[in-house]
Amino acid sequence: MKQHKYTTTFGSIKIKPLVSSEKDEYLALASMEKLSDFLPEVNAEENIDLLPIAFNACVANRVNKNGDVVDGETAVAMAKNFLNKQINIEHNRERVVGVILKAGFSQFGTDKPMNEVSASELKTPFNITLGGVIWKVVNNNLAKMIENSSDPTSEDYEKISASWELGFSDYNLVMLEGEEKNIEDGVIISDAQEIEKHKGMLRSLGGSGKTEDGRSVYRKVVNEVVPLGIGLTENPAADVVGVLTHSKQKNTEKIQENNSHLETTNVNKIKEQVMKLNSIEELTDEKVQQMTASVVSDFIQDQLKQASEQYSEEKAKFETELAEAKENYNKLLNKNETSKTELGSVVSELAALKEQLASSEAEKEFSLRISKFDESFELTEEDREVIASDIAGLDEEAFEAYEKKISILLSSKVKSDKKEVKAKVKEVVASVESEAKDVIEDAVDSAIPEADVIANSATVETPSFQEKYAKAFSMEGFKFTK
């Protein structure tokens with residue numbers, strides 16, 4: 001059998017039976033007004049061991065006191081799956097007392113029958129209504145209590161209720177404001193991440209049922225929802241009431257007379273069979289007087305079962321979260337290792353780039369320094385080799401000191417531009433000659449001639465000032481060094 005992730009007891013319905021006219025004609029007439037259309041087609045006259053019943057199982061599109069809800073679509077889809085499911089006492093499957101034979105729909109509040117099409121179109125609340133039989137031979141006293149539960153004058157009036165149990169694996173959330181119950185007025189949350197974020201608020205998972213801003217949070221079961229049966233109880237939780245029965249008192253009495261295995265029990269024994277403790281707060285003095293040890297034992301067993309189921313669910317949740325955490329840790333670890341490798345590669349590349357850049361800068365600086373010496377001095381290959389060896393690896397300060405020292409040593413090899421010097425000299429000579437010529441001509445014009453004694457035998461030629469200056473400033477008077 002397929003195992004569902006979750007189970008829940010969905011609501012609780014007051015039993016209001018259809019009483020036989022032999023028991024009470026007035027009660028019989030009143031009870032026939034509502035749910036009789038949903039009674040199974042069983043001949044109670046011939047099958048005196050059967051008590052036909054009908055009741056509203058749940059309200060669709062409206063949340064119940066347990067914090068769960070089914071929408072109209074899910075309700076219509078699963079209603080047929082109630083057929084042939086068991087009816088037990090207090091959801092104890094070892095205490096089965098009947099079976100469900102009929103399923104349909106009725107209006108919420110009026111119990112007027114509806115067809116499937118009408119129900120599927122509703123966004124407002126409506127009932128899933130069921131019909132079945134209680135096996136009197138299994139528990140005749142319970143059958144009597146169901147009949148008495150419709151009698152306002154009986155101490156058992158509306159005491160018997162029915163709630164349905166279902167299995168499911170998926171759910172959405174419904175957010176409702178204030179005391180609203182109809183899901184048409186709420187916000188449906190179907191996103192998996194949002195459900196995970198808010199599910200801890202659900203009462204079924206130990207939460208308060210409220211968000212931080214005061215909205216109510218409910219669980220709406222969806223997808224494959226399987227009814228697991230009906231449990232008869234004394235603790236109502238839903239907005240539906242009543243179980244309708246169709247029986248004859250004389251038939252019940254006849255069974256009682258002819259069945260030697262039927263126990264005769266007092267009222268307290270009957271109550272024991274249908275009474276159940278849901279919390280320790282329900283242990284009042286009055287109830288304690290009505291209970292036997294078996295009821296308390298059942299309560300303890302139920303509490304242990306619930307605690308075990310809750311522990312199993314929390315353990316499974318923890319293991320899932322732990323596995324996810326380990327998976328995420330391994331992913332982060334692998335990502336970290338990859339990042340380290342990539343970072344190491346980047347650092348290596350950066351170091352190589354810096355080294356290459358430094359080498360390039362050093363080479364450029366070295367070339368500039370050599371070029372500077374080449375521009376300033378007439379160097380031989382031997383000179384260059386010595387200088388290159390000396391300046392390799394020098395910082396700026398050390399190079400400046402070396403440059404001063406080597407400039408002194410190489411002073412004899414300082415470069416000069418000969419053409420430029422010669423041109424300058426010629427320019428100076430030409431200027432001087434021009435000035436001298438002017439001076440000489442002025443002097444000649446203003447001079448008084450003297451008588452020269454010249455030997456008869458010789459002729460003396462005196463150089464002019466122009467000749468003297470030209471000779472003085474001729475290129476032969478300059479010495480150039482390399």
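All of the numbers you see were taken from the coordinates with simple rules; none came from a lab. Just so we're clear, the structure is a prediction, and the values are computed from it rather than from any experiment. Note that we place each Cβ from the backbone using ideal geometry, even for glycine, and neighbour counts take in every protein chain shown.
Brief remarks follow.
- Here the label points at His198 and Ala362, each 7 Å from Cα along the C-beta direction, are separated by 6.8 nm in the simple model.
- Cβ-to-Cβ counts within 10 Å put Trp135, Trp164 in ascending order as Trp135, Trp164, the fewest first.
- Added length on full extension, which subtracts the Cα-Cα distance from 0.36 nm per residue, Asn47 to Thr338: 97.0 nm
- Proxy reagent accessibility, fewest Cβ within 10 Å first, across Val117, Val221: Val117, Val221
- Estimated FRET transfer efficiency when R0 is 45 angstrom, pair Glu378-Leu353 (beta carbons, to 0.05): 0.65
- GluC sites (Glu not before Pro) within segment 30-118, DSSP loop, no more than 12 other Cβ atoms inside 10 Å: Glu33, Glu41, Glu45, Glu46
- Whole-angstrom gap from segment 39-100 to segment 154-213, using each part's C-alpha centre: 21
- Compared with the rule-of-thumb size 2.2 N^0.38 Å for a compact globular protein, segment 336-413 has a Cα radius of gyration ratio of 1.67.
- When Asp191, Asp156, Asp68, Asp111 are sorted by how many other C-beta atoms sit within 10 angstrom of their C-beta, beginning with the fewest, the order is Asp191, Asp156, Asp111, Asp68.
- When the C-alpha to C-alpha distance is required to be over 21 Å, the pairs from Lys112/Lys159; Lys197/Lys220; Lys372/Lys405; Lys85/Lys159 that qualify are Lys112/Lys159; Lys85/Lys159.
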